[in-house]
C-alpha cells in the first residue's frame with residue numbers, strides 16, 4: 001500500500017516524460033515572469049537608498065519579536081494540521097508537523113507549491129504516514145485558508161469599505177465568490193468522505209469504461225486520499241480547527257502590527273490593529289499567486305494597500321513589506337533548510353542500510 005502514490009506518479013498516461021519536464025519548466029518560468037513583473041510594478045517608483053535606509057531603522061528587538069511570532073504562527077498551523085491528521089496518523093506531533101511546514105515554506109522560496117509535496121514526504125520519512133492521505137489534509141487546509149481569508153476580507157470591508165472598493169474594486173465580489181466556492185468545496189469533500197464507498201463505486205464505474213486497470217489504480221489512490229478527510233467526520237475536531245484558524249490569522253495580524261510599531265508607523269501614520277488586520281488580509285491575497293516565496297505579489301499588495309488606503313509614502317510602505325517578507329522567509333529557511341537536509345540524509349542512510357520503509361499508517 002505504501003507504494004501506491006509512487007506507482008501512480010510513475011504512470012505515463014501516454015504523455016512522454018520529456019513533455020512533463022517541459023511543462024514543469026514552463027510553469028516555473030511563468031512564475032518567475034510573474035515575480036519580476038510584480039516586483040517591477042511594486043518598486044518602480046522606489047528610491048533604493050531611501051528604502052534600505054528605512055529597513056535598517058527597524059530595531060533588533062522588533063525583528064526578534066517578528067521572528068518569534070512567525071514561529072508561533074507555524075506552531076498554530078501545525079496544531080490545526082495535526083487535528084486534520086489525527087484520525088489516520090495519531091503518531092504525528094506538533095513538532096513533526098512544524099518541521100514539515102518549515103521544509104514546505106523553505107522549498108516554496110525556490111519553487112512555488114513544491115513544498116506541499118515535500119511536507120507530505122517529510123512526515124512519511126519521520127512518521128511513516130501515507131503521502132496521499134496527508135495531501136488530502138493539505139487540500140482541506142487550503143480550503144480553510146480561503147474561507148478565513150474571505151471572512152477577514154469581510155471584516156476589512158466593514159472597516160474601510162469605501163476606500164477598499166475605490167482602491168481594489170474587484171476585491172468585494174471576488175471575496176464573495178471565493179467564500180461561496182470554498183464552502184461548497186469543503187461541503188463536497190465532506191460529502192464524498194461520508195459516502196466514501198458509494199462515491200468510489202460511482203467513480204470506478206465511470207473510469208472502468210475508459211480503462212479497468214487505470215480505474216483500479218485511481219480508486220486505490222482515492223481510497224487513501226479519502227482517509228485524509230476523516231477529521232471532517234468529527235464535530236469534536238471543529239472547535240480545535242476554528243480556534244487554531246482564528247489564532248493563526250490573529251498571529252499574522254500581530255506580525256504586521258509589530259512591524260508598524262518597529263517602524264514607528266503607529267505614530268507617524270496612526271496605524272493601529274485595525275490597519276494591521278486590513279493589510280494582513282490584502283497582502284495574503286498576494287500569497288495566492290504562484291511566485292517563488294510569494295515575492296513580488298506580496299510586496300505589491302502590501303505596498304499598494306498602505307499607499308492607497310492609508311496615504312503612506314511608497315518607500316516607507318515597501319520597506320515595511322520587504323522587512324516582513326524577508327524576516328519570515330529567512331526564519332523558514334533557517335529552520336526548514338537544515339531539517340530537510342537532516343531528514344533526507346537519514347532516509348537515505350536507512351535505505352542504504354536495507355531497513356524496511358515505514359508502513360503507511362492507514363494500511
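Quick notes
- For the chain, the longest principal axis of the C-alpha atoms and the axis of helix 297-310 are separated by about 40°.
- GNM flexibility winner over the chain from 20, 275, 254 (Cα, springs under 10 Å): 20
- Global form of the range 24-64, assessed from the alpha-carbon gyration tensor, a/c cut-off 1.5: oblate
- For the chain, the longest principal axis of the C-alpha atoms and the axis of helix 131-167 are separated by about 30°.
- Cα-based helix-to-principal-axis angle, 196-208 vs the chain, degrees rounded to 10: 70
- Here the chain was treated as a single set of alpha-carbon atoms; its pair distances binned every 10 Å from 0 give 5, 21, 31, 25, 13, 5, 1 percent.
- Full extension of the chain segment joining residue 313 with residue 57 gains 90.6 nm, where the gain is 0.36 nm per residue of separation less the Cα-Cα distance.
- Comparing 242, 94, 67 in a Gaussian network model of the chain, where Cα atoms under 10 Å apart are tied by springs, the biggest mean-square fluctuation is seen for 242.
- Exposure proxy order (Cβ contacts within 10 Å, fewest to most) of 54, 268: 268, 54
- Compactness of the range 85-132, expressed as Rg and Dmax over alpha-carbon positions, Å: 10.5, 32
- Shape descriptor for the range 171-289: Rg over Rh equals 1.19 (Cα atoms; Rh from the Kirkwood inverse mean 1/r).
- Springs between Cα atoms under 10 Å define the GNM used for the chain, and in it the highest mean-square fluctuation of 218, 25, 285 occurs at 25.
- Given in Å, the Rg to one decimal and the Dmax to the nearest whole number for the Cα atoms of the range 67-189 are 16.7, 51.
- Relative intensity, log₁₀ I(q)/I(0), of the range 37-96 from a Debye sum that treats every alpha carbon as a point, q = 0.14, 0.20, 0.29 Å⁻¹: -0.67, -0.81, -1.06
- The sum of -39500 (n - 2.57) across all DSSP H runs of n ≥ 4, divided by the residue count of the chain, sets its helix-only mean residue ellipticity at 222 nm to -27500 deg cm²/dmol.
- With Rh defined as the Kirkwood radius, the inverse of the mean 1/r over Cα pairs, the Rg/Rh of the range 236-363 is 1.15.
Read the figures in this text as sums done on the coordinates, not as results from a lab. On a predicted model such as this, the values are computed, not experimentally measured, just so you know. Here the Cβ is made from the backbone with ideal geometry for all residues, glycine too, and neighbour counts use every protein chain on show.
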